[in-house]
Amino acid sequence: MQRILVVDDEDRIRDIISQYLEFEGFDFDEASDGLKAIDKVKNSQFDLVIMDIMMPNCDGISALREIRAFSQIPVILLTAKGEEYDKIFGFDLGADDYVVKPFSPKELMSRIKAVLKRTQKPSDDQDNIYTFKGLQVNPKSYEIKIDGKVITVTPKEFELLNFFINNKNVVITRDTILNKIWGYDFFGDSRTVDTHIKMLRSSLGEYRDLIKTIWGVGYKYEEY
C-alpha cells in the first residue's frame, strides 16, 4: 500500500485530504508544519508528500528545500496563491505538482495518482542506460552523468530528458510535453514547459544543444 504524508496547518484540510486518501486505498500520516514534515520524511517511508506552502514555524517552500537536500520523494504543493511566479519558484526547487486552494479533492486524487505513476521506479526491462559521448542517463536510478560525474537535477528535469531521449528526432509540442510529463491535462501554460527546458539545458551544460527549439511548435531532441 502506498503511503502519503499530508502536511497542512489546518486540521480541516488535513481531515478532508485524509478521508479521500483512505477512500482511494492509500495509507497516510499527517504533519501540521514544515519542521514536522522534514522529520517524518527523514525517519519514515513515504511514496509522496502533499504540502501546504503557507504554514507557521517552517513554510512549505523552506521544507521542500530541506527535503530536496536528502530525498527525491515526489512533492505536491498546496497554496492559496496562484501567481505564475509562485509556481515557477516551487518547480525550481523540485516540486512535482502545484495545486491552488480551494481545490477539488477528486482532482487532487487524480494528480496524486498521476505523479505516483510517473515517478514510480521503472521495471528491469526499462533499465537501459542511454549514452551519448560523455553523457549517460540511467532511467532506473534517475541519475545523469557527464564525463563520469553525477549532475544534480530535479525529478522533473530528469523525466523531461528521458522523455526526449525516448522520442529522438521527433518534434514534440508543448501541450504534448505538459500532458505526458505532468500526467494529465495540466492547468497551466507553455511557460511552464519553457522554464523547465531552460533549467534542463542549464544542467546539461555542454550537451544543452541536444534539445533544439522548433519555433512556433515545441522542441526536438537530436544528437549531433
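The values are calculated or read from the model by the stated rules, or taken from the named source; none is laboratory data. Because the structure is a prediction, the values reported are computed rather than measured. Backbone-built Cβ (ideal geometry, glycine too); neighbour counts: all protein chains shown.
Of note:
- Criterion (surrounded by fewer than 14 Cβ atoms within 10 Å (Cβ to Cβ), in the same structural domain as Met109 (by TED's automatic domain parsing) and among the aromatic types (Phe, Trp, Tyr)) met by exactly one of Phe46, Phe28, Phe23: Phe23
- Residue satisfying condition, being in the same structural domain as Ser44 (by TED's automatic domain parsing), buried (at least 16 other Cβ atoms within 10 Å of the Cβ), at pLDDT 80 or above and within 28 Å of Glu206 (Cβ to Cβ), within set Ala95, Ala114: Ala95
- Where Thr195 falls short, out of the listed (1) farther than 17 Å from Gly94 by Cα; (2) touching a residue at least 60 places away in the same chain (Cβ under 8 Å): (1)
- Contacts under 6 angstrom Cβ, first residue in region 88-113 being touching a residue at least 60 places away in the same chain (Cβ under 8 Å) and among the acidic types (Asp, Glu), partner assigned to a loop (DSSP other than H, G, I, E, B) and surrounded by 15 or more Cβ atoms within 10 Å (Cβ to Cβ), 6 or more apart: Asp96/Pro74
One line per residue, one yes/no per condition, for (1) more than 25 Å from Thr152 (Cβ to Cβ); (2) modelled with pLDDT of 95 or more; (3) of a type in the set (Val, Ile, Thr):
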| residue | (1), (2), (3) |
| --- | --- |
| Ser18 | yes, yes, no |
| Ile38 | no, yes, yes |
| Asn43 | no, no, no |
| Val49 | no, yes, yes |
| Leu64 | no, no, no |
| Ala69 | no, no, no |
| Ile73 | no, no, yes |
| Leu78 | yes, no, no |
| Glu83 | yes, no, no |
